[in-house]
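Working notes for the structure below.
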Amino acid sequence: TQRVFSGVQPTGNLHLGNYLGAIVNFVKLQETHNCIYCVVDLHAITVPVTVWGGPDELRRNTREVTAAFIAAGIDPNKHIIFNQSQVAEHAELAWVFNCVARLGWLNRMTQFKEKAGKDRENASIGLYDYPVLMASDILVYRATHVPVGEDQKQHLELTRDIAQKFNNDFAESIAAQGLGDSYFPMPEPVITGPATRVMSLRDGTKKMSKSDPSDYSRINLTDDADAIAQKIRKAKTDPEPLPSEEKGLETRPEADNLVGIYAALAGKPKTDVLAEFGGAQFSAFKSSLVDLAVEKLSPIAGEMKRLSADHGYVDSVLASGSDRARVIAAETMVGVKDIMGMVRKR
Ligand code: TYM
């Protein structure tokens with residue numbers, strides 16, 4: 001059976017990249033799959049507390065991401081929305097996977113290198129271990145499909161390596177337990193659509209990110225219509241009119257990015273957008289983009305604001321989601337313990 005899992009960190013400034021690269025696909029997949037969407041609070045705390053903001057911020061951001069999921073159209077009754085720390089099995093499986101994953105594999109992770117920066121001695125062990133916890137998130141549900149943005153591809157490859165090594169190392173025991181010839185599936189990344197890597201509005205070579213000091217670099221999901229309009233009008237472009245074909249965008253990262261954003265918001269391929277706007281000046285294209293962005297994003301911002309203030313409702317969604325998630329996760333852990341020879345109560 002197929003199961004979808006994905007996660008978003010509660011670190012503030014949810015932006016258009018998170019929405020178009022990931023959340024839009026979360027919403028689509030719920031039509032065809034059983035889905036589990038997680039607010040990964042244990043991942044958020046891997047950066048210094050001065051960066052993740054402390055307890056009040058974590059609570060606020062956890063509720064805000066939950067509100068964003070619901071406002072974007074994920075149905076918490078049909079699917080599971082929960083926060084990671086309420087299901088202890090994520091951390092439990094991460095320990096087992098710490099003993100499966102190799103130092104050499106983690107040393108190759110580019111996101112750790114970027115996030116740790118020059119002062120690597122001062123990075124938390126959790127930041128280094130981040131991808132192992134991520135593998136546990138996915139595999140504790142034996143998920144088969146993982147919708148993410150382009151930047152998570154390497155972490156998904158590591159997840160597959162961990163699953164494969166576990167299956168190989170314990171192949172005999174898996175068979176002896178009557179669990180077939182492998183225990184964990186090889187989860188597939190789902191990286192689709194015209195905006196799998198949304199770039200900064202100020203610099204088309206940098207990814208749009210929560211941590212960019214310039215608020216003009218990104219459109220936040222909580223931005224109102226005025227903020228959206230201002231940021232798009234100020235977005236960096238080049239002097240040429242838009243091309244009518246994709247190959248005209250190859251050396252124009254800012255133009256390419258805006259066309260990708262338009263296409264993703266409109267739900268059509270980039271080629272259609274170029275066919276429509278080829279030859280147009282940026283001023284004209286940008287005003288269409290403002291209209292489209294405001295039309296698609298304002299209702300989400302409004303609903304997010306309303307929901308994230310309703311702590312009673314949001315917290316009950318997380319509690320109910322966690323209860324349902326825990327049942328699946330606990331079942332996976334029973335198998336893991338039996339496979340590895342950890343004696344347990346029967
Ligand atoms: P996070 O919170 O950093 O990002 C959430 C999702 O948004 C995508 N994304 C982007 N997509 C396109 N363009 C961008 N500029 C952009 N920036 C972010 C990310 O790829 C991600 O899909 N490590 C994960 C969280 C996680 C997770 C998991 C994901 C923890 N456990 C298990 C899947 C499965 C992350 O980057 O979160």
Subset of the stretch 182-206 (residues that are under 28 Å from Leu139 (Cα atoms) and within 13 Å of the ligand (Cβ to nearest atom)):
Pro187, Glu188, Pro189, Val190, Ile191, Thr192, Gly193, Pro194, Ala195, Thr196, Arg197, Val198
Out of the stretch 12-38, which residues are within 9 Å of the ligand (Cβ to nearest atom) and touching a Leu at 6+ places or on another chain (Cβ under 9 Å)?
Leu14, His15, Leu16, Asn18, Tyr19, Leu20, Ile23
Taking the condition of being within 13 Å of the ligand (Cβ to nearest atom), over 18 Å from Ser316 (Cα atoms) and of a type in the set (S, T, N, Q), how many residues in the stretch 77-114 meet it?
2
For the stretch 89-107, enumerate the residues that are surrounded by 14 or more Cβ atoms within 10 Å (Cβ to Cβ) and in a loop (DSSP other than H, G, I, E, B).
Val100, Ala101
Can you tell me how many residues in the stretch 276-315 are more than 15 Å from Ile261 (Cα to Cα) and either under 21 Å from the mean Cα position of the chain (by Cα) or assigned to a helix (DSSP H, G or I) (or both)?
19
Among the residues of the stretch 112-147, write down those that are in contact (Cβ under 8 Å) with a residue 24 or more places away in the chain, among the hydroxyl-bearing types (Ser, Thr, Tyr), over 20 Å from Asn25 (Cβ atoms) and surrounded by fewer than 19 Cβ atoms within 10 Å (Cβ to Cβ).
Ser124
Near pairs, Cβ below 7 angstrom, 6+ apart or cross-chain, from the stretch 324-346 (without any contact (Cβ under 8 Å) to a residue 12 or more places away in the chain) to any residue that is among the charged types (D, E, K, R) and not in a helix (DSSP H, G or I)
Lys337/Arg344
Every pair of residues 6+ apart whose Cβ atoms lie under 6 Å, when the first sits in the stretch 1-17 and is assigned by TED's automatic domain parsing to the domain that holds Ala329 while the second is near the ligand (Cβ under 8 Å from one of its atoms) and among the acidic types (Asp, Glu)
Gly7/Asp137
So, in the stretch 214-229, of the ones that are in contact (Cβ under 8 Å) with a residue 60 or more places away in the chain and in a loop (DSSP other than H, G, I, E, B), which residue ends up surrounded by the most Cβ atoms within 10 Å (Cβ to Cβ)?
Arg218
Taking into account only those residues within the stretch 1-10 that are buried (at least 22 other Cβ atoms within 10 Å of the Cβ) and part of a loop (DSSP other than H, G, I, E, B), which is nearest to the ligand (Cβ to nearest atom)?
Gln9
Does Phe285 satisfy the criteria of being in the same structural domain as Phe26 (by TED's automatic domain parsing), buried (at least 21 other Cβ atoms within 10 Å of the Cβ) and away from the ligand (no atom under 13 Å from the Cβ)?
no
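In the stretch 18-36, what residues are aliphatic (A, V, I, L, M) and touching a residue at least 60 places away in the same chain (Cβ under 8 Å)?
Taking the stretch 18-36 and keeping what is aliphatic (A, V, I, L, M), we get 20, 22-24, 27, 29, 36.
Within the stretch 18-36, Leu20, Ala22, Val24, Leu29, Ile36 meet the criteria.
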Extreme residue, farthest from Arg3 (Cα to Cα), among residues of the stretch 137-180 that are near the ligand (Cβ under 10 Å from one of its atoms) and polar (S, T, N, Q)
Gln152
Selection within the stretch 45-88 - under 21 Å from Asn25 (Cα atoms), in contact (Cβ under 8 Å) with a residue 60 or more places away in the chain and assigned to a loop (DSSP other than H, G, I, E, B)
Pro76
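Yes/no per residue for (1) crowded, with 16+ Cβ neighbours inside 10 Å; (2) over 17 Å from the mean Cα position of the chain (by Cα):
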| residue | (1), (2) |
| --- | --- |
| Lys207 | yes, no |
| Asp212 | yes, yes |
| Lys231 | yes, yes |
| Asp238 | no, yes |
Quick test for you: out of Ser200, Ser217, Ser211, Ser244, pick the one residue that is closer than 28 Å to Val4 by Cα and among the small types (Gly, Ala, Ser).
Ser211
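The values are calculated or read from the model by the stated rules, or taken from the named source; none is laboratory data. Only a predicted model underlies this, so the values are computations on that prediction, with no experimental measurement involved. As a convention, Cβ positions derive from the backbone with ideal geometry for all residues, glycine included, and neighbour counts pool all protein chains shown.
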